[in-house]
Amino acid sequence: MDGDGDPESVGQPEEASPEEQPDEASAEEERPEDQEEEEEEAVAAAYLDELPEPLLLRVLAALPAAELVQACRLVCLRWKELVDGAPLWLLKCQQEGLVPEGGAEEERDHWQQFYFLSKRRRNLLRNPCGEEDLEGWCDVEHGGDGWRVEELPGDSGVEFTHDESVKKYFASSFEWCRKAQIIDLQAEGYWEELLDTTQPAIVVKDWYSGRSDAGCLYELTVKLLSEHEDVLAEFSSGQVAVPQDSDGGGWMEISHTFTDYGPGVRFVRFEHGGQDSVYWKGWFGARVTNSSVWVEP
């Protein structure tokens with residue numbers, strides 16, 4: 001009989017090819033493994049959920065901060081409340097040495113912000129002491145003979161005793177020498193909500209000195225700028241006269257703290273400069289070093 005009339009062939013299911021059979025078998029083998037993993041995760045989650053709050057806080061405090069904010073607070077309502085609360089971040093601050101053990105919880109309202117600001121705390125100015133010549137500085141004005149980097153103490157100068165790591169300084173000339181840096185706060189890790197709502201203190205510092213054989217002038221101007229570089233806050237020292245000091249003089253610090261500067265700050269423009277007051281060829285003008293810009297917790 002033809003194949004169409006073969007009773008053995010009618011209504012019989014097709015057999016799987018040898019190539020297909022292992023796939024089905026492996027799929028069947030994978031299902032129990034997936035189920036086992038899901039069950040293990042469920043058991044682990046239930047175990048953590050039953051932990052007393054002090055123990056769960058210690059477990060969470062051992063995790064990276066980014067993981068806490070981006071993942072852990074999405075697990076459940078209880079974890080979200082713990083991640084958003086002060087005790088977890090106070091514990092992380094204590095564990096990482098940002099505050100002493102036993103620090104009072106009442107001292108700060110926002111330990112999470114304190115933690116992130118403390119971890120980012122650093123001098124935002126590049127090459128503040130001239131170790132890389134003028135690298136990192138912009139809008140450089142070379143009045144007279146221009147800027148020159150010299151090693152401490154320099155001719156007719158004194159050592160910088162305030163920080164032993166400072167070995168060099170910038171020396172200005174007989175006409176105004178100026179240089180600046182523009183700091184992009186968002187690029188440095190400070191997000192819009194933090195800058196606009198918390199408005200953390202922005203502290204600027206600079207050190208300047210004259211020579212024992214010539215007087216000089218010094219000036220510092222710092223501006224907080226918006227996204228479009230509008231000036232939202234400004235500090236200027238004006239021109240500071242440094243008289244000739246036959247006793248050797250010394251290094252002087254100038255500082256300013258910006259607070260309550262309002263929303264919209266995205267950049268910090270730091271500019272300083274100097275010149276001598278005797279108009280001598282060479283580098284008899286103001287000396288500057290160890291400049292800094294800090295965002296404080």
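So, of the residues in region 77-101 that are modelled with pLDDT under 85 and touching a helix residue (DSSP H, G or I) at 6+ places or on another chain (Cβ under 7 Å), which turns out to be nearest to residue 55 (Cα to Cα)?
As a first pass, look at region 77-101 and keep what is modelled with pLDDT under 85: 99-101.
Still in the list and also touching a helix residue (DSSP H, G or I) at 6+ places or on another chain (Cβ under 7 Å): 99, 101.
Working: 99: 21, 101: 17 Å.
Among those residues, the one meeting the criterion is 101.
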### Summary
By residue number, the members of region 267-290 that are open to solvent by less than 30 Å² (accessible area, probe 1.4 Å) and assigned to a loop (DSSP other than H, G, I, E, B) are 282, 285, 286
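With respect to residue 173, determine if the residue is farther than 30 Å from residue 117 by Cβ and in the same structural domain as residue 250 (by the TED database).
On the way: farther than 30 Å from residue 117 by Cβ: yes; in the same structural domain as residue 250 (by the TED database): yes.
Yes: the conditions hold for residue 173.
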### Message
Which residue is most open to solvent (accessible area, probe 1.4 Å), if the candidates are limited to region 164-179 and must be assigned to a strand (DSSP E or B) and more than 16 Å from residue 131 (Cα to Cα)?
### Response
178
#### Entry: Extreme residue, most open to solvent (accessible area, probe 1.4 Å), among residues of region 144-162 that are acidic (Asp, Glu) and at pLDDT 95 or above
151
### Task
Among the residues of region 187-209, write down those that are crowded, with 18+ Cβ neighbours inside 10 Å and in a strand (DSSP E or B).
202, 204, 205, 206, 207, 208, 209
#### Entry: Any pair with Cβ under 6 angstrom, 6 or more apart, that starts in region 147-163 at a residue that is over 20 Å from residue 133 (Cα atoms) and of a type outside the set (D, E, K, R) and ends at one that is at pLDDT below 95 and in a loop (DSSP other than H, G, I, E, B)
156/212; 156/213; 158/248; 158/250
### Query
Of the residues 223, 179, which single one is of a type in the set (Lys, Arg) and within 25 Å of residue 150 (Cα to Cα)?
179
### Message
I'm checking my understanding of the structure. Among residues of region 210-242 that are open to solvent by less than 40 Å² (accessible area, probe 1.4 Å) and of a type in the set (S, T, N, Q), which one is nearest to residue 284 (Cα to Cα)?
### Response
212
### Task
Please determine, by comparing only the residues of region 220-242 that are more than 27 Å from the chain's Cα centre (by Cα) and not β-branched (Val, Ile, Thr), which one is farthest from residue 256 (Cα to Cα).
241
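Listed here are the residues, each with its yes/no results for (1) within 22 Å of residue 122 (Cβ to Cβ); (2) among the aliphatic types (A, V, I, L, M).
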| position | (1), (2) |
| --- | --- |
| 209 | no, no |
| 221 | no, no |
| 225 | yes, yes |
| 228 | no, no |
| 244 | no, no |
| 256 | yes, no |
| 263 | no, no |
| 269 | yes, no |
| 275 | no, no |
### Message
Going through 261, 218 one at a time, which residue ends up being over 27 Å from residue 170 (Cα atoms) and out of contact with any Pro (no Cβ under 6 Å at 6 or more places or on another chain)?
### Response
261
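Applying the selection to region 250-266, what residues are open to solvent by 50 Å² or more (accessible area, probe 1.4 Å) and either under 25 Å from residue 191 (Cβ atoms) or not assigned by the TED database to the domain that holds residue 217 (or both)? Break it down stepwise before answering.
First, pick out the residues of region 250-266 that are open to solvent by 50 Å² or more (accessible area, probe 1.4 Å): 252-253, 255-257, 259-260, 263.
The answer is 256, 257, 259, 260, 263.
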### Task
Report those helices (runs of 4 or more DSSP H) wholly inside region 61-103 carrying at least 3 residues which are open to solvent by 50 Å² or more (accessible area, probe 1.4 Å).
65-70, 77-84
### Query
Residue check, residue 121 against (1) under 24 Å from residue 292 (Cβ atoms); (2) under 24 Å from the mean Cα position of the chain (by Cα); (3) open to solvent by less than 90 Å² (accessible area, probe 1.4 Å), all met but one. Which one?
(3)
### Task
Please specify each residue of region 119-163 satisfying the condition of being basic (Lys, Arg) and not in a strand (DSSP E or B).
119, 120, 121, 122, 126
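Residues being assigned to a strand (DSSP E or B) and touching a strand residue (DSSP E or B) at 6+ places or on another chain (Cβ under 6 Å): count how many of those fall in region 210-240. First the steps, then the outcome.
At the first step, the residues of region 210-240 found to be assigned to a strand (DSSP E or B) are 211, 214, 216-225, 231-236, 240.
Filter once more, keeping what is touching a strand residue (DSSP E or B) at 6+ places or on another chain (Cβ under 6 Å): 214, 216-225, 231-236, 240.
Matching residues across region 210-240 total 18.
The values are calculated or read from the model by the stated rules, or taken from the named source; none is laboratory data. All values reported here derive from a predicted model rather than from experimental measurement. Every residue, glycine as well, gets a Cβ built from its backbone with ideal geometry; the counts of neighbours run over all protein chains shown. Heads up: the accessible areas ignore ligands, DNA and RNA and are worked out on the full protein's heavy atoms, side chains in. Shrake-Rupley method; radii C 1.70, N 1.55, O 1.52, S 1.80 Å.
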